[in-house]
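Here the structure comes first, spelled out in structure tokens, and everything after it is commentary.
The values are calculated or read from the model by the stated rules, or taken from the named source; none is laboratory data. Fair warning: this is a prediction, and the values are worked out from it, not measured in the lab. Reconstructed Cβ throughout: ideal geometry from the backbone, glycine too, with neighbour counts over all protein chains shown. These area figures cover heavy atoms from the full protein model, side chains too; ligands, DNA and RNA do not enter into them. Shrake-Rupley method; radii C 1.70, N 1.55, O 1.52, S 1.80 Å.
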Amino acid sequence: MFVKISRSLIVTFLGLLFVITSAQTNYGDEITIEFPEELLMIEFEKYLLPRFKFKTRINVLVNKDGNSFDAKLGIFPTGLEVFSDLNGFIYKLETKTTNKERLHRLETFVSWLTSPTGVMAIEDFSIEGAQVFKAVKTLEEKEEAEIFDGNIASGLGVSQKHCKRCHVVDDNAFAGIGSTPSFHAMRTFNDWQERFTAFWTVSPHLNVISITEVYEAGSKSVPTTIAPIELSLEQIDDILAYVASIKPKDLGKPINSW
């Protein structure tokens with residue numbers, strides 16, 4: 001009888017020890033991050049952090065009282081870029097802790113945010129079916145997207161001379177035709193670079209614009225109705241460089257405002 005009771009006590013003690021040890025382990029595998037109020041209001045942390053914990057078993061605590069924390073997330077001038085809203089405001093993670101273990105967990109958090117799984121989680125978050133955030137491109141992708149061989153000043157001049165009859169090409173919001181998208185609006189398109197590289201290959205430009213080296217506008221079946229515009233491939237590069245330099249239009253603002 002005594003042996004049975006002793007064994008029962010030992011099993012109970014080991015069980016309690018396991019629970020305590022597990023609790024200590026779980027408590028240790030955590031980091032504290034301060035989230036900005038606007039993200040807390042839409043409960044972004046309740047959507048994002050459980051997915052991270054499921055993948056890594058690291059618990060992220062949200063600091064709401066302004067006390068000690070390992071890192072803070074927000075729109076800051078410095079910090080590591082992790083994602084942005086659709087207006088281009090970039091959220092960055094500023095590290096505060098110097099603890100090596102917590103720094104390692106923060107690195108794991110950032111790695112997950114920038115991984116395909118994390119990117120999918122960020123971009124799948126929506127409010128009433130509308131996407132709210134998008135992943136931030138890597139530095140290498142940004143540099144590749146920003147390299148253009150054309151002359152920006154020349155591109156502006158060519159655009160003002162030939163494109164302004166239909167499009168708003170600069171800060172004069174009242175130029176062009178109302179039904180035709182401005183350069184600033186088209187700059188928001190995901191495929192803007194492809195559009196401006198080959199704009200002369202599609203209607204209505206196809207019958208109006210000649211490219212000296214490769215293409216003559218109009219044909220016997222579809223003749224030009226106005227004097228054709230003659231451009232060179234170098235000028236196409238200049239226009240592309242100019243468009244790359246302008247700020248995309250905030251499509252949430254009123255018409256004719258920048």
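Taking the stretch 182-213 on its own, how many of its residues are exposed (fewer than 12 other Cβ atoms within 10 Å of the Cβ) and in contact with a helix residue (DSSP H, G or I) (Cβ under 7 Å, 6 or more places away or on another chain)?
Adding up the residues that qualify gives 1.
Pull out all pairs, ordered by first then second residue, where Cβ-Cβ is under 7 Å, the residues are six or more apart or on different chains, the first lies in the stretch 185-214 and is without any contact (Cβ under 8 Å) to a residue 24 or more places away in the chain, and the second is exposed (fewer than 15 other Cβ atoms within 10 Å of the Cβ) and of a type in the set (S, T, N, Q).
As it stands, the answer is T212/S232; E213/S232, since those pairs meet every condition given.
Taking the condition farther than 18 Å from A121 by Cβ, at pLDDT 50 or above, among the hydroxyl-bearing types (S, T, Y) and open to solvent by 90 Å² or more (accessible area, probe 1.4 Å), does S68 pass?
Numbers: farther than 18 Å from A121 by Cβ: yes; at pLDDT 50 or above: yes; among the hydroxyl-bearing types (S, T, Y): yes; open to solvent by 90 Å² or more (accessible area, probe 1.4 Å): yes.
Yes; evaluated as a whole, the condition is true for this residue.
If you check K46, K53, which single one turns out to be part of a helix (DSSP H, G or I), touching a strand residue (DSSP E or B) at 6+ places or on another chain (Cβ under 7 Å), open to solvent by 90 Å² or more (accessible area, probe 1.4 Å) and not polar (S, T, N, Q)?
Values: K46 fails: touching a strand residue (DSSP E or B) at 6+ places or on another chain (Cβ under 7 Å).
Exactly one residue qualifies, and that residue is K53.
Scan the stretch 82-94 and report the pairs whose first residue is touching a residue at least 40 places away in the same chain (Cβ under 8 Å) and within 14 Å of E123 (Cα to Cα) and whose second residue is in a strand (DSSP E or B) and of a type in the set (K, R), with Cβ atoms within less than 9 Å and a gap of 6+ or a chain change.
So the pair list comes out as V82/K92; F83/K134; S84/K134; D85/K134; L86/K134.
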